[in-house]
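Here the structure is laid out as structure tokens; the discussion comes afterwards.
Rule-based calculations on the coordinates, nothing more; no lab input. Computed from a predicted model, the values in this text were never measured in an experiment. So basically every Cβ, Gly included, is an ideal-geometry build from the backbone, and we count neighbours across all protein chains shown.
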Amino acid sequence: MVSLRGDMRVVAISDLHIDIAENRDWLAHLCDQAHDDEILILAGDLASKLSRIESGLALLARSYSQVFFVPGNHDLWVEAREPTDSLQRFREIQSICSTHGVAMRSRDILGEKGHRVVSISPLLSWYCEPDEGDLSLFLSKPGEDESLAMWADRVRIRWPDSLLSPASYFLGLNAINEAEDRDIPIISFSHFLPRQELIFSSSRDRVPFGGRGGDRAPRFNFSRVAGTVGIERQLRMLGSSVHIHGHQHRNRDRMIDGVRYVSHCLGYPQERAAAGISAKDVKPVEVFHY
Ligand SMILES: [Fe+2]
């Protein structure tokens, strides 16, 4: 449980990618100030090196009153020469989170008088690929490379042979209490996308993969690795009113069937440059205020 002193905000961001020096500088600047009146949700892809994940989480945990985190795909990358795998990396990250007081499990946030104000639920997850059936967010794309050879996870993610479905494994770790006895707002978050339509900028978007700027990777089909409907099922069981996700590096803020879906990332320098945004203008977005 986390106790509030009044006037608290829950803020969210994803995809900090602090392997990149400019993003590391952004994080150092963010954490120069204390954020005692803020709870931070970090929706994955902090870094692809374990030492950077640890230093980043330690910095954030010192700056914010509470940090919630789930790993993204980059956080579970391993080098070919490392005698480990991505599941072992996940366990190492769990241990780092516990050392620094970073939450990877649901917690209720308490108000000044000890009453429950809001509940925050990290949802561990992975993406379902098209051959995993109807839990995948897959949509076919003309001319796509079905082998996804340019997707770095193909090389950098290594599961033990015993792990047949990473998505089922991670979703199975989430403790889902059904919504009926919940009387406070529930905020959930995942790294991966819970719904296919969130891949697109709006419900009217009829340009499925290119968008206004054209398709910069015509052979790459993001929907193959976007997420899973399994996350959507869990957030609906929880009774979430807000769900935050990362992964795509596209900012979204949409209401769908009574749930506000928010994606808000730092992303890569070249993405910010293309959008005409400077890193100093990027701040975690408020998703709850008390
Ligand atoms: Fe990602």
Inset, instruction - Relative to the longest principal axis of the C-alpha atoms of the chain, give the angle of the C-alpha long axis of helix 229-238, reported between 0 and 90° and rounded to the nearest 10°. - result: 20 degrees
Inset, instruction - Work out the charge dipole of the chain with +1 on the Cβ of Lys and Arg and -1 on the Cβ of Asp and Glu about the Cα centre, then indicate which of 133, 97, 198 is farthest towards its positive end. - result: 198
Legend entry - the chain, dipole about Cα centre (Lys/Arg Cβ +1, Asp/Glu Cβ -1), debye to the nearest 20: 340 debye
Legend entry - For the chain, built as a Gaussian network whose Cα springs stay under 10 Å, the top-fluctuating residue of 71, 122, 218: 218
Legend entry - For the stretch 74-212: rounded, prolate or oblate by the Cα gyration tensor [a/c cutoff 1.5]: oblate
Inset, instruction - Could you state the angle between the C-alpha long axis of helix 86-100 and the longest principal axis of the C-alpha atoms of the chain, as a value from 0 to 90 degrees rounded to the nearest 10? - result: 20 degrees
Legend entry - Alpha carbon centroid spacing (whole Å) that separates the stretch 119-182 from the stretch 27-76: 23 Å
Legend entry - the stretch 1-150: C-alpha gyration tensor shape, a/c 1.5 cut-off, then a/b vs b/c: prolate
Inset, instruction - Pull out a ≥ b ≥ c, the square roots of the eigenvalues of the alpha-carbon gyration tensor of the stretch 2-289, then state rounded if a/c is under 1.5, prolate if not and a/b is larger than b/c, and oblate in the remaining case. - result: rounded
Inset, instruction - Figure the gain on full extension for residue 184 and residue 257 (residue separation times 0.36 nm, minus the Cα-Cα span) and round it to one decimal in nm. - result: 24.4 nm
Inset, instruction - Return a whole-number percent for the relative contact order of the chain, with Cα pairs under 8 Å and 6 or more residues apart as the contact set. - result: 24 percent
Legend entry - Other-chain or far-sequence residues with amide H under 5 Å of residue 126's (modelled H): 171
Inset, instruction - Name the residues whose placed amide hydrogens come within less than 5 Å of the amide hydrogen of residue 226, ignoring near sequence neighbours (fewer than 5 apart) on the same chain. - result: 137
Legend entry - Dipole axis of the chain (+1 Lys, Arg; -1 Asp, Glu on Cβ), positive-most option in 279, 245, 121: 279
Inset, instruction - Give me the number: length gained by fully extending residue 286 to residue 33, i.e. 0.36 nm times residue separation minus the C-alpha to C-alpha distance, one decimal in nm. - result: 89.4 nm
Inset, instruction - For residue 288, enumerate residues with amide H under 5 Å from its amide H, sequence gap 5+ or separate chain, H modeled in the peptide plane. - result: 10
Legend entry - Under 9 Å, Cβ to Cβ, from residue 144 - net charge with Lys/Arg +1 and Asp/Glu -1: +1
Inset, instruction - Could you run the Karplus curve 6.51 cos²θ - 1.76 cosθ + 1.60 with θ = phi - 60° over the stretch 49-62 and give me ³J(HN,Hα) per residue in whole Hz, x for Gly and Pro? - result: 10, 4, 4, 6, 4, 5, 5, x, 5, 4, 4, 5, 5, 6
